[in-house]
1. Select from the stretch 54-64 the residues that are more than 15 Å from the ligand (Cβ to nearest atom) and among the charged types (D, E, K, R) and list them in ascending order.
2. Residue under question is Gly19, and the condition is that it be within 8 Å of the ligand (Cβ to nearest atom), touching a Phe, Trp or Tyr at 6+ places or on another chain (Cβ under 6 Å) and in contact (Cβ under 8 Å) with a residue 12 or more places away in the chain; does it hold?
3. For the stretch 184-194, what are the residues that are of a type in the set (Ser, Thr, Tyr) and assigned to a loop (DSSP other than H, G, I, E, B)?
4. With the checklist (1) modelled with pLDDT of 95 or more; (2) under 23 Å from Met94 (Cβ atoms); (3) in contact with a helix residue (DSSP H, G or I) (Cβ under 9 Å, 6 or more places away or on another chain) in hand, flag the one item Asp149 doesn't pass.
5. Given the options Arg51, Arg39, Arg25, Arg67, name the one that is open to solvent by 40 Å² or more (accessible area, probe 1.4 Å) and within 8 Å of the ligand (Cβ to nearest atom).
6. Tell me which residues, restricted to the stretch 208-234, are open to solvent by 70 Å² or more (accessible area, probe 1.4 Å) and without any contact (Cβ under 8 Å) to a residue 60 or more places away in the chain.
7. Can you tell me which residues in the stretch 189-207 are open to solvent by 60 Å² or more (accessible area, probe 1.4 Å) and either closer than 20 Å to Gly13 by Cβ or touching a strand residue (DSSP E or B) at 6+ places or on another chain (Cβ under 8 Å) (or both)?
8. Looking at the stretch 84-100, can you tell me whether even one residue there is without any contact (Cβ under 8 Å) to a residue 60 or more places away in the chain, loosely packed, with under 15 Cβ neighbours inside 10 Å and more than 25 Å from Glu167 (Cβ to Cβ)?
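The values are calculated or read from the model by the stated rules, or taken from the named source; none is laboratory data. What you see is a predicted model, and the numbers here were worked out from it, not measured in a lab. Glycine also receives a Cβ, built like all others from the backbone with ideal geometry; neighbour counts cover every protein chain displayed. Quick note on the areas: whole protein, heavy atoms, side chains included, nothing else; ligands and nucleic acids left out. Shrake-Rupley method; radii C 1.70, N 1.55, O 1.52, S 1.80 Å.
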Amino acid sequence: MTSPHSKIVLITGASSGIGAATAGRLAADGHHVVLGARRVDRLAALVADLRLAGGTAEYHQLDVTSRDSVYAFVRGAHDRYGRIDVLINNAGVMALSTLDALRTDEWDQMIDVNLRGTLHGVAAALPLMRARGTGHIINIGSSAAYRVDPTAAVYCATKYAVRALTEGLRQESRDVRVTLVSPGYTHSELTEHGGDPQIQAAARAAAEELGMPATAVADAIASAIAQPDTVDINEIIMRSTTQG
Ligand code: NDP
């Protein structure tokens with residue numbers, strides 16, 4: 001059961017890192033969290049922990065590169081609860097390499113997950129929120145949406161694009177709140193998948209040394225959600241003090 005004040009919050013990419021930390025924070029705040037990712041074993045363990053701690057949570061297998069999968073995730077929650085209050089488009093991948101390495105499959109994967117995945121979420125949730133005249137879409141950007149680094153051109157391109165589409169959505173919205181949350185280095189599993197092994201290892205070391213806990217990003221997301229419905233936190237950029 002959810003309390004009358006709790007929100008129905010959908011989180012993509014909730015099986016690790018920022019998504020999992022956000023699920024924990026929002027469930028502790030009394031919201032009902034609906035979690036999606038491909039690794040359902042991880043989601044099942046997380047939901048069990050959240051319920052043990054007194055929260056309400058559920059999980060569903062989700063691949064954000066599939067429009068059908070995202071629609072089923074979003075519309076399924078809408079059918080069960082009659083509303084969706086918040087969608088957090090968090091799923092992301094970062095495979096670092098120089099462009100001349102031509103790791104084109106990884107370029108496609110970053111575009112499909114980071115950019116198309118976010119668009120799929122917007123397409124699924126926006127009409128439902130517009131119909132109610134309220135809602136909140138939170139897209140996870142990055143400090144990489146503001147500065148391009150060598151070896152990160154395609155990742156940065158996807159995050160610049162997420163930043164652009166989030167701003168466009170915000171400009172078009174008078175009812176639905178739209179927030180971009182852009183963290184710097186954050187402790188998570190982001191550097192563990194794909195990319196040039198040496199470059200990924202260097203990025204992992206930098207993130208471990210200079211990064212923030214994922215709970216710090218979760219707290220920022222929670223603060224945006226906690227504003228009154230008429231107040232929209234447009235953009236949060238945050239880095240550890242050591243990142244520079
Ligand atoms: P993690 O690797 O820990 O988490 C990424 C999440 O995305 C996982 O839950 C993963 O779940 C999910 N995911 C990946 N591909 C898909 C897919 N096709 N469908 C559904 N879910 C998918 O990294 P973070 O927590 O760091 O990443 C979360 C977001 O934060 C990303 O958008 C990332 O770009 C952004 N970010 C991270 C920063 C950092 O330094 N860590 C800095 C700035 C932004 P599964 O594999 O189970 O599907």
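1. Glu58
2. no
3. Correct list: Tyr185, Ser188.
4. The one condition Asp149 does not meet is (1).
5. Sole residue among the options that is open to solvent by 40 Å² or more (accessible area, probe 1.4 Å) and within 8 Å of the ligand (Cβ to nearest atom): Arg39.
6. Selection gives Glu208, Glu209, Pro228, Thr230.
7. Glu192, His193, Arg204
8. Taking every residue of the stretch 84-100 in turn, at least one turns out to be without any contact (Cβ under 8 Å) to a residue 60 or more places away in the chain, loosely packed, with under 15 Cβ neighbours inside 10 Å and more than 25 Å from Glu167 (Cβ to Cβ).
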